[in-house]
1. Would you check if GLY197 is assigned by TED's automatic domain parsing to the domain that holds ALA83 and either in a helix (DSSP H, G or I) or modelled with pLDDT of 85 or more (or both)?
2. Between a residue in region 35-64 that is outside the structural domain of THR86 (by TED's automatic domain parsing) and crowded, with 16+ Cβ neighbours inside 10 Å and any residue that is in a loop (DSSP other than H, G, I, E, B) and modelled with pLDDT of 95 or more, which pairs come within a Cβ distance under 7 Å, given they are 6 or more apart or on different chains?
3. Being within 30 Å of PRO59 (Cα to Cα) and at pLDDT below 90 is the requirement here; does LEU268 meet it?
4. For residues that are over 15 Å from GLY111 (Cβ atoms) and either hydrophobic (A, V, I, L, M, F, W, C) or modelled with pLDDT of 95 or more (or both), tally how many sit in region 33-49.
Amino acid sequence: MAGKKNADGSSSKGTEMSFLQHLEELRWHLVRASAAIVVFGVIVFLNKQFIFDYVILAPKNPSFITNRFFGWLAVQLNSPDLAINTKPFQLINIDLAGQFTMHLNLAIIGGIIVAIPYILWEFWRFVRPALYENERKHVTSAVVYSSFLFLLGVCFGYYLIVPLTTHFFGSYQVSNEVLNQINLTSYVSSITTIVLGSGIVFELPIVMFFLAKVGLAGTSFFKKYRKHAFIILLCLAAIITPPDAFSMLLVTGPLALLYELGILMARLVEKKRKNVDLLEA
């Protein structure tokens with residue numbers, strides 16, 4: 001039998017909810033998360049010129065901060081090959097409704113990215129009743145850390161992987177007789193895939209933390225399969241970056257650090273569990 005709900009809408013501790021009641025509560029969490037995506041999506045849609053000119057199209061221009069940095073690095077190391085996106089390329093649209101459709105799609109994706117902190121908050125509110133009282137106080141911290149890692153991954157993908165990818169594929173030619181005429185849809189899809197993928201990958205420490213929390217894996221497991229994990233991360237870096245060794249190493253390094261951070265978080269979970277067991281003994 002279900003008990004009364006708290007002021008925040010969650011179920012009271014110690015009560016049991018039926019399956020349909022769980023579904024009803026989940027439905028409202030999803031409704032609120034979807035509403036946040038719509039609101040932020042509308043904001044993104046209404047700021048078309050800024051979003052496209054200063055965010056989406058910026059990484060392919062020589063004035064972009066990452067491109068300027070690599071240009072400076074190329075001069076300092078006397079290695080012209082390090083300079084990227086020195087010649088901006090023109091995008092084309094071949095579909096009648098292509099630009100409008102892309103505008104709508106980008107508004108949805110932008111709404112998701114901006115609303116991620118609130119979406120994570122709704123997720124944690126849903127699982128909060130299943131937590132112990134001493135664990136509930138960490139919900140806000142979990143939202144903050146999860147949101148921070150996701151947004152950090154988004155920035156990493158946007159400021160590093162996107163310019164490298166844009167340079168590699170934008171300048172790659174099989175022959176001088178074949179010109180690159182890049183479609184707007186292809187360009188924007190590549191950027192959004194990289195940015196969202198990077199944000200999700202940067203949640204790796206949180207995933208490892210909860211695997212340790214529920215007892216499915218621990219520090220010894222993560223250390224034992226560290227080499228296997230690094231190979232997987234290297235393959236992942238090869239997927240989301242241009243197929244050159246320099247870009248792969250730039251991406252694999254931070255991913256490896258995230259894995260080590262996950263091990264540290266798993267160690268903290270095990271240490272806390274051990275202390276609790278000693279107090280209860």
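The values are calculated or read from the model by the stated rules, or taken from the named source; none is laboratory data. What you see is a predicted model; the values in this text were computed from it and never measured. Positions of Cβ are backbone-derived with ideal geometry, glycine not excepted, and every protein chain shown enters the neighbour counts.
1. Details: assigned by TED's automatic domain parsing to the domain that holds ALA83: yes; either in a helix (DSSP H, G or I) or modelled with pLDDT of 85 or more (or both): yes.
Yes, satisfied.
2. Every condition considered, no pair remains.
3. Working: within 30 Å of PRO59 (Cα to Cα): no; at pLDDT below 90: yes.
No; evaluated as a whole, the condition is false for this residue.
4. Of all residues in region 33-49, those over 15 Å from GLY111 (Cβ atoms) come to 49.
Now drop any that are not either hydrophobic (A, V, I, L, M, F, W, C) or modelled with pLDDT of 95 or more (or both), which leaves none.
Final tally of qualifying residues: 0.
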